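Report on the structure given below.
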Amino acid sequence: MNTTTLNADDIQRAITRIAHEILEKNKGIRDLALVGIRTRGVTFAERLQAKIEEIEKTKVDLGILDITLYRDDIGTSNQKPELKRTAIDFPIETRKIILCDDVLFTGRTIRAAIDALMDFGRPSLVQLAVLIDRGHRELPFRPDYVGKNIPTSRDMRVQVKLKEIDGQDQVVVLNKDE
């Protein structure tokens, strides 16, 4: 089974809605910053940043977070972890950080991201924005902003494709063996 759940227009609508929800909940952009989790969380954060700038006529800060060394499964396989650049070029103390990722599943990526983020300081608030929430949490995280909830079984995969990385925008649900 290979089912396209979101197309390019659906993804754009979700990003627009999430941007408005962020602005409403935080009463504007004061002290707001976005931090994208590598890889597709960064692209998602960049798109949110552009949409917020379009709405507010002001750019919010954007950071990039590599969580590789914070993962709880590092060293459990023979694969050597590939480190990528983290770039948070602004102080996070007293800031409202919107942590951005493409898919929320077990919560382990978010736990690692929060650990990594805290090495940069103590924000006043951390909120979570995800394009897809597929359920099956192993840790107690709940997103503040969701593009779409997609109920899945553990045997399925959710594949987010973004044109900046994959050449097209779509979200596809696949069986584990596909």
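What follows is calculated from the coordinates using simple rules that are stated; it is not laboratory data. Just so it is clear, the structure is predicted and the values come from calculations on it, not from any experiment. All Cβ positions, glycine included, derive from the backbone under ideal geometry; neighbour counts span all protein chains shown.
Output yes when any residue across the range 10-32 is among the hydroxyl-bearing types (Ser, Thr, Tyr) and touching a residue at least 40 places away in the same chain (Cβ under 8 Å), and no when none is.
Within the range 10-32, the subset among the hydroxyl-bearing types (Ser, Thr, Tyr) is 16.
Going one step further and asking which of them are touching a residue at least 40 places away in the same chain (Cβ under 8 Å), we end up with none.
Looking through the range 10-32, none of the residues is among the hydroxyl-bearing types (Ser, Thr, Tyr) and touching a residue at least 40 places away in the same chain (Cβ under 8 Å).
Cβ-Cβ below 9 Å, separation at least six or inter-chain, first residue in the range 161-172 and among the small types (Gly, Ala, Ser), second assigned to a loop (DSSP other than H, G, I, E, B): which pairs?
Short answer, once both residue conditions are applied: none.
Just checking, does the range 139-147 include any residue being closer than 26 Å to GLU24 by Cα and aromatic (Phe, Trp, Tyr)? Even if it seems obvious, please write down each step before you answer.
To start, the set of residues in the range 139-147 that are closer than 26 Å to GLU24 by Cα comprises 140-147.
Add one more test, that the residue is aromatic (Phe, Trp, Tyr), and what stays is 141, 145.
Checked the range 139-147: at least one residue is closer than 26 Å to GLU24 by Cα and aromatic (Phe, Trp, Tyr).
From (1) loosely packed, with under 13 Cβ neighbours inside 10 Å; (2) at negative phi; (3) more than 14 Å from the chain's Cα centre (by Cα), pick out the condition that doesn't hold for ARG142.
Failing condition for ARG142: (3).
So is ARG134 touching a strand residue (DSSP E or B) at 6+ places or on another chain (Cβ under 6 Å) and surrounded by 20 or more Cβ atoms within 10 Å (Cβ to Cβ) or not?
yes
Given the criteria aliphatic (A, V, I, L, M) and in contact with a Cys (Cβ under 8 Å, 6 or more places away or on another chain), does VAL130 qualify?
On the way: aliphatic (A, V, I, L, M): yes; in contact with a Cys (Cβ under 8 Å, 6 or more places away or on another chain): yes.
Answer is yes for this residue.
Tally the residues that are under 30 Å from ARG157 (Cβ atoms) and free of Cβ contacts under 8 Å to residues at least 12 places away in the same chain, restricting the search to the range 33-57.
The qualifying residues number 1.
Restricting attention to strands (runs of 3 or more DSSP E) lying wholly within the range 77-178, give those where 3 or more residues are more than 25 Å from ARG17 (Cβ to Cβ) and aliphatic (A, V, I, L, M).
Those strands (runs of 3 or more DSSP E) do not exist here; none qualify.
Suppose the filter is surrounded by 14 or more Cβ atoms within 10 Å (Cβ to Cβ), touching a residue at least 60 places away in the same chain (Cβ under 8 Å), closer than 25 Å to GLY107 by Cβ and not β-branched (Val, Ile, Thr); does ARG71 pass it? Give the steps one after another, and end with the answer.
On the way: surrounded by 14 or more Cβ atoms within 10 Å (Cβ to Cβ): yes; touching a residue at least 60 places away in the same chain (Cβ under 8 Å): no; closer than 25 Å to GLY107 by Cβ: yes; not β-branched (Val, Ile, Thr): yes.
Answer is no for this residue.
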